[in-house]
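Before any comments, here is the structure.
All of the numbers you see were taken from the coordinates with simple rules; none came from a lab. None of the values given here were measured: they were computed from a predicted structure. Counting neighbours? That spans all protein chains shown, and the Cβs are built from the backbone with ideal geometry, glycine included.
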Amino acid sequence: MDSSNLDPNIVEKIKKLEEKFKASGQDISSYLDGLLQSDYLKYWEYINLDTLLNLQQPKTRYPDEMVFIMYHQITELYFKMVLWELEQLTSMKEVDPKVFLMKIKRVNRYFENLIHSFDIMIDGMEREQFLKFRMALLPASGFQSAQYRLIELNATDLKNLLPQEDRDNLPETYTDEELIQSIYWQKGATELETGKKTLTLVQFEEKYRDLFLKVIREKQNSNINKIYLQHLQEVPEAEAIREALREFDSLANVFWPLSHFKTAVRYLQGDTGMIAASGGTNWKKYLPPRFQCVIFFPQLWSGEEKKEWGKAWVMKEISNS
Ligand code: HEM
């Protein structure tokens, strides 16, 4: 082919490519060879579809265990999307209020989807099957979702994640390690009388303790709550940002926990009482949002709102179920 017939657009692009490769000491011709050899991208390869669809490995023959596995995986993917946004915000060198607002709104949309889709669990499995296959999964529990904890650590200061009664009585000095030991979920999975941790907690800590400590140290001064308090209270978008953060708080710390709690009630509330949870918590006292009262952005709520955290919603939701 006569090169003078080449589309000038293409020639222009080749010139630009040549400059790009030259700038890093590379030879464009080898890269063009590579292009000649390479295959067209296919959808199923790009999204790793075969791997994705092979990640569902039930432990029993009960068909509804598939629903259980897949909905957990779907949730973890959404958690990953939430973290993707939060981590970008908490690592930003300069805070841009517009970007901040846009990303918190994305996070809220992800949580809204999760809350609405929880019916997949609530209505989607036969209880008899669940009560059988769950015994093959002990002592694993959603309690061991590291991403759920990372969302919390990116969202707020560690002190807001302590049990409610400890939040205002922090000692003068403490190490992160001491704090991590008193975080609300540690207490939830520790027997009060003996101080013994459940196996679920012991294994969770073994796997993730170092990661959590690293994230705590990194995010203590750059979590979403701190960014808001230090940089965003006076910007023109402040009101919209406050709204979005309050929504984030209520979606993540009231409505998601509530949908989740409804699921636990549906499957673990026996005719003769409460069925033991796989992670060994006293789940009726642990899961309802009004007991843990986790609030990422306490400055954005009135004293009354904090006192009523989750209460009215819990009663309404449970009486409708
Ligand atoms: C039939 C469905 C489910 C039941 C019966 C259930 C039950 C429970 C129970 C009883 C706990 C307390 C810890 C324990 O003692 O094990 C718990 C914790 C947890 N579960 Fe589930 N769960 C279900 C579905 C899910 C799903 C789909 C997810 C999504 C990832 C999930 C994520 C979590 C998380 C993140 C916690 C920790 C909550 C916290 O510490 O505040 N669960 N679950």
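Gain on full extension, evaluated as 0.36 nm per residue between Asp271 and Arg242 minus their Cα-Cα distance, stands at 6.1 nm.
The alpha carbons of segment 105-174 give a radius of gyration and a Dmax of 17.6, 52 Å, in that order.
Take peptides 280-293, 148-161, 171-184 and line them up by average Cβ neighbours within 10 Å, highest first, as a rough protection proxy.
Values: 280-293: 19.3, 148-161: 21.3, 171-184: 12.8.
Ranked from most to least packed, the peptides come out as 148-161, 280-293, 171-184.
Go ahead and estimate [θ] at 222 nm for the chain from helices alone: -39,500 (n - 2.57) per DSSP H run with n ≥ 4, summed, over the residue count, rounded to 500.
Values: 19 runs with 189 residues, N = 321.
For the chain, the value works out to -17000 deg cm²/dmol.
Once each part is reduced to its C-alpha centroid, what is the distance from segment 171-207 to segment 268-302 in angstrom? For segment 171-207 versus segment 268-302, the Cα centre distance is 17 Å. Against the chain, whose longest principal axis is taken from its Cα atoms, helix 146-155 shows a tilt of about 90°.
Taking 0.36 nm per intervening residue step and subtracting the Cα-Cα distance, what contour gain separates Leu137 from Met102 on full extension?
Working: separation 35, 0.36 × 35 = 12.60 nm, distance 3.91 nm.
Net length gain for the segment: 8.7 nm.
In a reduced charge model with +1 at each Lys and Arg Cβ and -1 at each Asp and Glu Cβ, the chain shows a dipole moment near 700 debye about its Cα centre. Rounded to a whole number, what is D in µm²/s for the chain from Stokes-Einstein with the Kirkwood radius over alpha-carbon pairs (25 °C, 0.890 mPa s)? Once the numbers are plugged in, D ends up at 107 µm²/s. Counting every other Cβ atom within 10 Å of each residue's Cβ, Asp50, Asp271 order from fewest to most as Asp271, Asp50.
Once the convex hull of the C-alpha atoms of segment 210-317 is built, how many Å³ does it hold per residue, rounded to a whole number?
On the way: hull volume 13.5 nm³, N = 108.
For segment 210-317, the hull spanned by Cα atoms encloses 125 Å³ per residue.
Divide the volume of the convex hull around the Cα atoms of segment 266-316 by the residue count and you get 98 Å³ per residue.
In the structure shown, do any of Lys187/Lys311; Lys93/Lys219; Lys219/Lys285 have a Cα-Cα gap over 23 Å, and if so which?
Working: Lys187/Lys311 21 Å; Lys93/Lys219 13 Å; Lys219/Lys285 29 Å.
From the list (Lys187/Lys311; Lys93/Lys219; Lys219/Lys285), the Cα-Cα distance tops 23 Å for Lys219/Lys285.
Which angle between 0 and 90 degrees, to the nearest 10, do you get for helix 199-219 versus the longest principal axis of the chain when only C-alpha atoms count? Around 60 degrees separate the two axes.
Hey, could you get me the Stokes-Einstein D for segment 98-248, Kirkwood radius over alpha-carbon pairs, 10 °C and 1.306 mPa s, rounded to whole µm² s⁻¹? Before the final figure, lay out the partial values.
Values: Rh = 18.1 Å.
Stokes-Einstein gives a translational diffusion coefficient of 88 µm²/s.
Counting neighbouring Cβ atoms within 10 Å and putting the fewest first, the residues Tyr46, Tyr31, Tyr62 line up as Tyr46, Tyr31, Tyr62. Could you tell me how many degrees, from 0 to 90 and to the nearest 10, lie between the Cα long axis of helix 28-37 and the main elongation axis, the longest principal axis, of the Cα atoms of the chain? Helix 28-37 and the main axis of the chain meet at about 70 degrees.
Dividing the convex hull volume of the alpha-carbon atoms in segment 227-290 by its residue count gives 98 Å³ per residue.
Sort 88-98, 34-44, 250-260, 235-245 by packing, meaning the average of other beta carbons within 10 Å per residue, with the highest value first.
On the way: 88-98: 13.4, 34-44: 7.6, 250-260: 21.5, 235-245: 15.9.
Peptide ranking by packing, descending: 250-260, 235-245, 88-98, 34-44.
Each residue of segment 61-71 was assigned a 3J(HN,Hα) from its phi angle through the Karplus curve 6.51 cos²θ - 1.76 cosθ + 1.60 (θ = phi - 60°); the sequence is 9, 6, x, 6, 5, 4, 4, 4, 5, 5, 5 Hz, with glycine and proline shown as x.
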